[in-house]
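Engineer: Input: one structure, supplied below.
The values are calculated or read from the model by the stated rules, or taken from the named source; none is laboratory data. Remember, it's a predicted structure, so these values are computed and weren't measured experimentally. Cβ atoms come from the backbone with ideal geometry, glycine included; neighbour counts cover every protein chain shown. Note: areas computed on protein heavy atoms with side chains; ligands, DNA, RNA excluded. Shrake-Rupley method; radii C 1.70, N 1.55, O 1.52, S 1.80 Å.
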Amino acid sequence: MPGRQLPERERQKVLRSYMVEGRIVAIPVRRSERLVLFDQVARTFEPGVRYSEAELNSALLHFSSDLVVLRQGLLDEGFMECDRRAYWRCGGTVDL
């Protein structure tokens, strides 16, 4: 994840503040908090797997109906990349 990661306690606080039952209820103004949300969304995708736009959108709908904001945020902040045919995860934390 770009920039400094927040400690786990702070990360959980951000998730509680901006997500209800796994859905994003608001996008934070502070970049560090947005990165926490985008990282949480990025964890849905397997690194190295290519996803069609339809597959990506289907997964993003679990988090929010505002697909454009989520998709663009993931791309702009370096969690996902795309070409004309697919999207793939290229950043974020990985659970081991």
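Engineer: Among the residues of region 68-96, what is the count of those that are of a type in the set (A, V, I, L, M), without any contact (Cβ under 8 Å) to a residue 24 or more places away in the chain and either surrounded by 20 or more Cβ atoms within 10 Å (Cβ to Cβ) or in contact with a Cys (Cβ under 7 Å, 6 or more places away or on another chain) (or both)?
Structural biologist: So the count comes out to 1.
Engineer: Now a separate question. Just to be sure, is ARG23 open to solvent by 70 Å² or more (accessible area, probe 1.4 Å) and at pLDDT below 95?
Structural biologist: In short, no.
Engineer: Can you tell me how many residues in region 28-62 are over 13 Å from the mean Cα position of the chain (by Cα) and polar (S, T, N, Q)?
Structural biologist: The qualifying residues number 2.
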